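Data first, discussion second: the structure below is written as structure tokens.
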Amino acid sequence: KRRKAAPALAASITSSLKFLELDRALFDVSVDEAQAGMNGCDRVSFLFSSTGRELMELSKVASGGEVSRIMLCLKSLMAKFVGMPTLIFDEIDTGVSGSVADKMGQMICSMGKDMQVFSITHLPQVAAKGNAHYVVSKSVNGDDKVVSSIHKVEGQERIKEIARLLSGSIISEAALANAESLLAEAAE
């Protein structure tokens with residue numbers, strides 16, 4: 001069954017990687033015989049090439065940003081078939097930015113049509129796409145204990161949070177305008 005499913009899995013991941021701007025990427029699944037154990041009698045390896053040339057073991061050749069994109073593609077595909085009620089991503093967009101971040105946000109939101117998705121991110125392109133936006137903050141109380149808190153941001157507060165992600169501690173008029181643009185684009 002693994003050998004039979006491997007080509008379709010590889011083709012689907014390769015297609016998704018092209019959407020995420022890895023235009024020359026190749027992804028393959030190698031299924032080799034192994035000694036029987038609790039995971040069956042196969043050894044499954046993921047092979048990858050970002051250049052369209054020689055496929056090598058994923059763990060040896062993929063950069064951080066490439067691994068993030070591959071993981072999102074795998075999770076997106078799994079979400080279609082497993083029927084999970086909730087999926088939580090903790091900075092799955094690490095190592096990417098710009099238009100790739102925007103497309104990753106699109107993929108994450110697409111999964112949200114069929115399940116609840118939480119995405120912890122520091123990227124404004126991803127944060128702007130969500131239906132709800134929460135900010136997590138940490139502080140030290142009087143007992144030197146770190147306390148985490150979470151609160152929902154909406155309206156002008158959300159615009160300011162997206163602008164903060166865009167520009168840092170000093171929020172410029174340009175950052176506010178860009179934040180409004182990202183949120184308007186996501187709402188379309």
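Summary of values
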| quantity | calculated |
| --- | --- |
| Largest-first principal axis extents of the Cα set of the range 105-164 (Å) | 43, 25, 17 |
| Alpha-carbon centroids, the range 156-188 and the range 45-114: separation in whole Å | 26 Å |
| Selected from V153, T121, A174, residue furthest toward positive end of dipole (the range 100-188; charges at beta carbon) | T121 |
| Fraction of alpha-carbon pairs over 19 Å apart in the range 1-97 - percent | 46 percent |
| For the range 34-48, 3J(HN,Hα) per residue [Karplus equation, 6.51 cos²θ - 1.76 cosθ + 1.60, θ = phi - 60°, Hz, x = Gly/Pro] | 9, 5, 4, x, 5, 9, x, 10, 10, 10, 9, 10, 9, 10, 8 |
| Charge dipole (debye, nearest 20) of the chain; +1 at Cβ of Lys and Arg, -1 at Cβ of Asp and Glu | 580 debye |
| Residue-averaged 222 nm ellipticity for the chain, from DSSP H runs of 4+ at -39500 (n - 2.57), nearest 500 | -14500 deg cm²/dmol |
| Under 28 Å from K160, Cα to Cα: lysines that are on another chain or at least 8 residues apart | K103, K113, K129, K138, K152 |
| Reciprocal mean inverse distance between Cα atoms of the chain - Kirkwood radius, Å | 18.7 Å |
| Antiparallel content of DSSP bridges confined to the chain, in %, to 5 | 80 percent |
| Computed over the chain: relative contact order in percent, which uses C-alpha pairs under 8 Å that are six or more apart | 13 percent |
| Per residue solvent-accessible surface (Å²) - the chain, probe of 1.4 Å | 62 Å² |
| Share of alpha-carbon pairs per 10 Å distance bin for the range 137-188, given as whole % | 24, 38, 25, 11, 2 |
| Size of electric dipole in the range 116-170: Cβ of Lys, Arg +1 and of Asp, Glu -1, about Cα centre, debye, nearest 20 | 160 debye |
| Among S16, S49, S59, residue whose mean-square fluctuation peaks in a GNM of the chain (springs only between Cα atoms under 10 Å) | S59 |
| Accessible surface of the chain [probe 1.4 Å, protein heavy atoms]: carbon and sulfur percent | 53 percent |
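The values are calculated or read from the model by the stated rules, or taken from the named source; none is laboratory data. Note that this is a predicted model, so its numbers are computed, not measured. Glycine also receives a Cβ, built like all others from the backbone with ideal geometry; neighbour counts cover every protein chain displayed. Keep in mind that these areas ignore ligands, DNA and RNA; they rest on the heavy atoms of the full protein, side chains included. Shrake-Rupley method; radii C 1.70, N 1.55, O 1.52, S 1.80 Å.
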